[in-house]
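What follows draws every value from the coordinates through simple rules; no lab data is involved. Since this is a predicted model, take the numbers as computed values, not measurements. Note that each Cβ is placed from the backbone with ideal geometry, even for glycine, and that neighbours are counted across all protein chains shown.
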Amino acid sequence: MLEIAMLVIFCGKIGKIVESKGRKKIGYQFMLVGIWFGAEIFGAILGGIIGAIALEDENSATLLIIACAYGCAILGAVIAFQIAKHLQPLSGDDDFYGDIEYADRLQARERFGDRSAAPPAVTDGYTDNPEKVRRPLDDRVQE
C-alpha cells in the first residue's frame with residue numbers, strides 16, 4: 001500500500017516537471033510506473049539468485065529479495081526523474097522568425113555589436129532623391 005502511495009506522489013511530481021517543459025505528462029507518468037515495476041521485478045529476480053547462491057537461510061534470502069526489489073525500484077524512479085529533468089523544453093517560436101527581443105535573449109548584440117543609426121543622406125531641396133555631385137568644371141584652355 002505504501003508503494004502505491006509513493007507512486008502516486010512521484011507521478012504528480014514527474015508530471016509537474018514535464019508540464020513545465022511544455023510536454024504532456026501522461027506518457028512520462030506511465031514511463032515512471034513501467035520502469036518502477038520492471039526494475040522491481042528485475043531486483044526480485046536478482047535478489048533471489050544471489051540469495052540462493054550465497055545464503056543458506058530461507059528467511060535471510062527472502063529479506064534479500066525484498067531489499068533488492070525495492071532498491072532497484074527506487075533506482076528505476078531515479079532514472080525516470082533524470083530522463084524527465086533532462087528533457088529539452090518545447091518552444092513554440094521558430095528560430096528563423098525571431099524578433100529583436102529574441103535576439104536580445106540570445107545576446108546576439110555582443111557578437112555583432114550594437115545597431116547604429118544610418119548616416120543621414122544628403123538630399124536636394126526639391127525632392128527626396130540623393131543630391132548628385134557635380135563634376136568639376138574644366139577651366140583649361142583648349143586649342
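A few remarks follow.
- Considering residues of region 6-65 that are in a loop (DSSP other than H, G, I, E, B) and free of Cβ contacts under 8 Å to residues at least 24 places away in the same chain only, the residue nearest to S91 (Cα to Cα): K24
Each row is one residue, and each column tells you yes or no for (1) over 19 Å from V78 (Cβ atoms); (2) aliphatic (A, V, I, L, M); (3) in contact with a helix residue (DSSP H, G or I) (Cβ under 7 Å, 6 or more places away or on another chain).
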| position | (1), (2), (3) |
| --- | --- |
| L2 | no, yes, no |
| V8 | no, yes, no |
| C11 | no, no, yes |
| E19 | yes, no, no |
| K24 | yes, no, no |
| Y28 | no, no, yes |
| W36 | no, no, yes |
| L46 | no, yes, yes |
| G51 | yes, no, yes |
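- Considering the conditions (1) surrounded by fewer than 18 Cβ atoms within 10 Å (Cβ to Cβ); (2) over 21 Å from L87 (Cβ atoms), G51 is excluded by exactly one of them, (1).
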